[in-house]
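For reference, the structure discussed in these notes is given below.
The values are calculated or read from the model by the stated rules, or taken from the named source; none is laboratory data. Only a predicted model underlies this, so the values are computations on that prediction, with no experimental measurement involved. All Cβ positions, even for glycine, are placed from backbone atoms using ideal geometry, and neighbour counts span all protein chains on display.
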Amino acid sequence: MTDNALLLEYRARHASILAPLAGKLQAHIQEALTGIPRIDRVSARAKSPERFLAKALKRGDDGALKYEHPFEQIQDLVGARVIVFYRQDVDTVSNAVDRYFRRIEGKDLVPDALNQFGYVGRHFILALPEDVVDDEADNSKTPQFFELQVKTLFQHAWSEAEHDLAYKPSEPLSTLQHRQIAFTAAQAWGADQIFEQLHSELGSTQ
Amino acid sequence: MSMEKIYSFLTYPRKNQPDEAIVSGTQIPLDNGKLCKMLTAIFSGAGKDCNVPVMFVSDGEKQANAVRTELLALLQNPSVALATPLAKRLQASTGGASGMGLLFICTGKDGENDTRVVISRFPADEGIVAEKQSEKLTVSFVEQVFLKSAYSYKAATYLWDGKPNQLWKGHVVDKQINHGSKSVADYWIVDFLRSEFSTTSAQGTKRLAKAIKDAVQATSDVATKTQLTSAAQLASNIPNKAMTISDFCDSFHMSEAAKQAIIAKVNPPRLVHEKFRFDAAEFSRHLAYKQIELDTGAVMTAPAEKFDECFKPDRHKDKVIFVASGHIVDEKLKSSR
C-alpha cells in the first residue's frame, strides 16, 4: 500500500469507525468510573490521520518499516485519558480499570535514570469493550485494543506543553532548552509529591 | 473450511507434580474414516459450539502469554513437536478429578485468509462394548474409552489471520464451567488456557444491573415491574456463577414480557448472550435500593435485599397495607423522589 493509499484508508476509517468509537468509549469509561472522586476529566480521541501516517511510516534502526501492518500493530488508534487530582487517585482509577476492562499491557512510564525528570504516567493497552462495538460493525476494520493513560493534572499539563513544543522546533533543542524542559518536569513531579503528601496528611483517604 | 492437520495426545493428570512426564502424541493422517469425519464435524462446528468469548491473560507489563506464544508457534509451523508443549501444559493443569484424557489439536483454513485451530479434550471413561455377529452377541469391558461427554467436554478455538499482535481472543466450550469444585471449574480456561472470560465479572454484572434498572423504568406494567424487582432482590443470593443475561432471566423463570423488557435494554443486543461471572457485590452497587410507590403518593425505599423485611405487606383484595417498624433515625424533605 502506498503512503497516499494508507492515508486515504485511514481517513475513511477515522471518519466512519474510529471517531464514533472514541465518543462511545469516552462515555463508557466515564460510566465505569462513576463515583470515583477527584477525576478531573475523561476523554477519548481517534488518532488524527496525520499522526497515524507519521507513526505508520516510522523506521527502525535497520531502516525497515517499524509497522508492517500499521492498522493491527499501532494500538493507540483510539486513545483515552483519565486525569486525576493526586497520585493516590491514579491507583484508585487503575484498580477500577482492572475491574471493568481486560488488559494486555499495563505499565508505569517513568524517566530511565534516577537523576532525570520527564513524563510520568500509567499506561494501559486494553481490549476494546464489546459494549462500544455495534452489532453491525465491520470487525475486520475495528481495532481490538485501545490505549488508556491515567495521570495527574500536573503530569497532564506538563506533557501537553512538552508535546506541543516537541512539534515546533525546526532544529534540535539547545542544552539550555533541554534543561528548561527537565526543570518544568521536575516541578510537576515535585508538585505531585507535595500534593500526595498533603492529601494523605489532611486525612482524606477516599 | 478445511481441516488440514490433526494431532492427538494422551494426557494424564499431573497437576502439582514437579517432574515433567512424557506425553505420547501423534499426527493422525487425514482419510475418510469415522475418526476423521467426527473430527471434521468438530472442526467445522467449533465456531458455533465454542460460544464463550475468552481472552489470554497478559503476563505483567509485556504483551505476552505463554499459551498464546505456543499456539502462534504451532500455527506458523504445524508439527507434532510444536503441538507437544500444549499437551504438556494440559497435562500439568489436569488434576485427579479430571483424570486421563485424549487431546486433539486440529488446524486448517477458515475462509480465504484465516487459519483456525481447534483444541478439544475427550475425557477417559470405562465402557462396555456389545458386538452382534450373526447370531452371537459378544460383550466386553473396555477400560479406556474417550467420550465427547455431554457433562465434561471441553474445546477451544482461535482464528488467526497471520498478522502480528493478533490471537489474543478466542472462544471456548466448557461443560464444567459452573462445577462446584473451583479447581474443576477453572481447569480449562484459567489453568490450561491461561485465559479469562472476555467480559470481566464487574462489567458483565454492571451491564445486567443497568439493563434491569432501565427495564423497570421503561415498563408501565406493574406485574412486569414486580418480577424485575423481585429478581433483583434475590440476585444477591446468586453465587459467583458463570451466566449470560439470558441465563439470568431463565433462572428466575421470568415471563416473556419481563425477559423482553430486559433484553430491550441491552445494547448492543448480542451481549444478551455474552458469558460473565456474576458478582453479587457489584450488582448491589448498581441496584442498592428498591422503591415502591402507592397510588396515595406514599413512597417506600429500603435496601433491595432487605425491602421485604423492612416493609411487611398485608394484601386485602386489590390493596396492600405495608407495615414498617423501627426507630426513627432521620427525616428529610426532598424536591423530588
Positions within segment A:86-119 being modelled with pLDDT of 95 or more, assigned to a loop (DSSP other than H, G, I, E, B) and in contact with a helix residue (DSSP H, G or I) (Cβ under 6 Å, 6 or more places away or on another chain), in sequence order = A:Y86
inquiry  = Which of the numbered conditions does A:L126 fail, given that it passes all the others? Conditions: (1) assigned to a strand (DSSP E or B); (2) in contact with a helix residue (DSSP H, G or I) (Cβ under 6 Å, 6 or more places away or on another chain).
reply    = (2)
request  = Mind counting the residues in segment A:149-181 that are within 22 Å of the chain's Cα centre (by Cα), at pLDDT 90 or above and not charged (D, E, K, R)?
outcome  = 12
note = Of the listed residues (A:V82, A:V78), the one being within 28 Å of B:R270 (Cα to Cα) and in contact (Cβ under 8 Å) with a residue 12 or more places away in the chain is A:V78
request  = Considering (1) part of a helix (DSSP H, G or I); (2) surrounded by fewer than 19 Cβ atoms within 10 Å (Cβ to Cβ), say which one A:S43 fails and leave the rest.
outcome  = (1)
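Residues are listed down the side, and each one gets a yes or a no for (1) surrounded by 14 or more Cβ atoms within 10 Å (Cβ to Cβ); (2) polar (S, T, N, Q); (3) touching a Gly at 6+ places or on another chain (Cβ under 6 Å); (4) away from chain B (no Cβ under 14 Å):
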site	(1), (2), (3), (4)
A:R102	yes, no, no, no
A:F124	yes, no, yes, no
A:Q144	yes, yes, no, no
A:F154	yes, no, no, yes
A:P172	no, no, no, yes
A:Q197	no, yes, no, yes
query = Just wondering, is there one or more residues in segment B:180-194 that are away from chain A (no Cβ under 14 Å), assigned to a strand (DSSP E or B) and of a type in the set (K, R)?
reply = no
message = Looking only at helices (runs of 4 or more DSSP H) that lie completely in segment B:1-114, which have at least 2 residues being without any contact (Cβ under 8 Å) to a residue 40 or more places away in the chain and of a type in the set (A, V, I, L, M)?
response = B:34-49, B:80-93
request  = Return yes when B:E256 is acidic (D, E), at pLDDT 95 or above and more than 23 Å from the chain's Cα centre (by Cα) and no when it is not.
outcome  = yes
task = Just name the residue that is surrounded by the most Cβ atoms within 10 Å (Cβ to Cβ) out of those in segment B:195-243 that are outside any helix (DSSP H, G or I) and within 14 Å of chain A (Cβ to nearest Cβ).
result = B:T199
ask   = Mind checking whether some residue in segment A:63-73 is touching a helix residue (DSSP H, G or I) at 6+ places or on another chain (Cβ under 8 Å), away from chain B (no Cβ under 14 Å) and part of a helix (DSSP H, G or I)?
value = no
key: Residues that are surrounded by 19 or more Cβ atoms within 10 Å (Cβ to Cβ) and either in contact with a Cys (Cβ under 9 Å, 6 or more places away or on another chain) or not charged (D, E, K, R) (or both), drawn from segment A:82-93   = A:V82, A:I83, A:V84, A:Y86, A:V90, A:V93
